[in-house]
Amino acid sequence: MEAVGVIFILIALGLLVLQILMIVKFFQIAADVRGVKNLLAEQFKKEPLPETSPETRSEGVLPPYSEISTPPYQVEGDNVVFEDGVYGTIMEKFGAFSFEGLQGKRIFCKTQEEAIKGLYHTLTHSAE
């Protein structure tokens with residue numbers, strides 16, 4: 001009977017050692033993640049975002065969708081048909097509107113009007 005008790009104590013001590021090793025490893029992983037985060041933050045600070053004001057906007061940089069002009073259009077559910085024959089689809093989920101941009105990436109906008117203007121810009125410039 002005492003042999004069974006000793007075996008249980010040894011197993012419990014082994015599990016305790018494994019638990020301590022797991023906690024130490026967790027803190028090592030957390031330190032590594034913190035280091036990667038700090039490195040990425042430093043790189044982000046070194047590379048400023050491009051300016052998008054009208055004075056500094058260079059050729060090829062997309063203006064905000066609210067500044068893009070579109071021909072008259074009709075919205076039929078999710079489909080948008082423009083007067084010049086161009087058509088596409090916008091989606092609304094959780095109060096945000098989106099459309100499929102170049103290279104199949106989904107672009108989200110705050111308003112339906114912004115999404116429609118962005119869709120028109122994408123459709124007309126992808127055909128070029």
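Once the Cβ-Cβ distance between D78 and K37 is put in as r, and R0 is 30 Å, what FRET efficiency do you end up with, to the nearest 0.05?
It comes to 0.15.
To the nearest 0.05, what FRET efficiency results for T124 and F94 with a Förster distance of 25 Å applied to their C-beta separation?
Numbers: r = 28 Å, r/R0 = 1.12.
Calculated value: 0.35.
If I take all pairs of Cα atoms in region 68-111, what percentage of them are more than 18 Å from each other?
Details: 291 of 946 pairs.
Cα-Cα pairs in region 68-111 separated by more than 18 Å: 31 percent.
Using a 7 Å offset from the Cα along the Cα-to-Cβ direction at both S69 and E2, what is the distance between the two label points in nm, to one decimal?
9.9
Expected output is a single nm value to one decimal: the length gained when fully extending between I29 and L10, i.e. 0.36 nm times separation in residues minus the C-alpha distance. What is it? It would help to have the intermediate numbers written out before the result.
Values: separation 19, 0.36 × 19 = 6.84 nm, distance 2.87 nm.
This chain segment gains 4.0 nm when fully extended.
Can you tally the net charge around D78? Count Lys and Arg as +1, Asp and Glu as -1, for every other residue whose Cβ sits under 12 Å from the Cβ of D78. Working shown, then result.
Details: positive: K93; negative: E76, E92, E100.
Neighbour charge sum, excluding D78 itself: -2.
Just so you know, all these numbers are worked out from the coordinates, no wet-lab data involved. In this text the structure is predicted, and so the values were computed from the model without any measurement. Cβ coordinates were reconstructed from backbone atoms using ideal geometry, including for glycine residues, and neighbour counts include every protein chain displayed.
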